[in-house]
Amino acid sequence: MSDPRFPHDRPDPAAPASRPEVSLPEGYADRYSGRPLPAGAGGDFAEAGRARQPTQADARDVTWVWTLYALILFAIPTLGVSAAVGLSGVLTRKAPTDPVLASHARFQKRTLVHAAIAAAIGLVLIVVSVGVIVLFAAALWTLVRGVSGLWRLRQNRPIANPDSWTI
């Protein structure tokens with residue numbers, strides 16, 4: 001029984017009984033089974049079913065980018081300890097080669113560096129009772145950027161402008 005959400009899994013009644021395999025470009029396969037897609041399969045869904053198979057280096061980079069987003073999101077409950085760990089990692093690690101991951105890495109680096117600067121300014125300004133507001137704004141800004149970046153990474157979309165202050 002085929003799943004109605006994946007029409008390329010259903011046999012086409014007008015097609016011959018056996019379909020030849022399509023030769024896909026290197027690294028492309030059905031994202032559910034890992035096999036090449038059959039000829040004529042998918043219609044509008046054919047492109048969605050083809051996913052680039054990551055290399056070992058890409059897999060490490062993907063894990064690193066996901067980990068950094070987790071560290072950014074845990075910065076508030078850990079009072080900045082996870083952000084400090086993420087900042088030390090992002091400053092010492094080489095940027096990924098994949099353009100999508102590279103945009104996320106740049107976005108994370110700028111988020112952590114600017115959050116650290118804002119936290120330092122907020123700590124200094126506590127003396128004049130403005131620091132709490134600055135710390136709250138910095139925490140909120142960091143949280144929003146972390147969530148928006150994680151959402152885009154989950155959709156495998158790059159950050160449109162990683163050098164921006166906005167999300």
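Bear in mind these aren't lab numbers, they're just calculated from the coordinates by the rules spelled out. All values derive from a computational prediction rather than experimental measurement. Methodologically, a virtual Cβ is constructed for each residue, glycine included, from the backbone with ideal geometry; neighbour enumeration extends over all protein chains shown.
Taken over the alpha carbons of the stretch 111-167 as equal point scatterers, the Debye sum produces base-10 log I(q)/I(0) values at 0.17, 0.24 Å⁻¹ of -0.58, -0.89. Projecting the Cα positions of T63, L112, A139 onto the charge dipole of the stretch 53-144 (unit charges on Cβ atoms of Lys, Arg, Asp and Glu, taken about the Cα centre) puts L112 furthest along the positive direction.
For the stretch 92-138, state which trypsin sites (Lys or Arg not before Pro) are in a DSSP loop and have at most 11 other beta carbons lying within 10 Å of their beta carbon. Of the trypsin sites (Lys or Arg not before Pro), the ones in loops of the stretch 92-138 whose Cβ has at most 11 other Cβ atoms within 10 Å are K94. Hey, with R₀ at 25 Å, roughly what FRET efficiency would I117 and T78 work out to, going by the Cβ-Cβ distance, to 0.05? Efficiency at R0 = 25 Å is approximately 0.85.
Taking the empirical scaling 2.2 N^0.38 Å for compact globular proteins as reference, the stretch 70-167 has a Cα radius of gyration ratio of 1.09.
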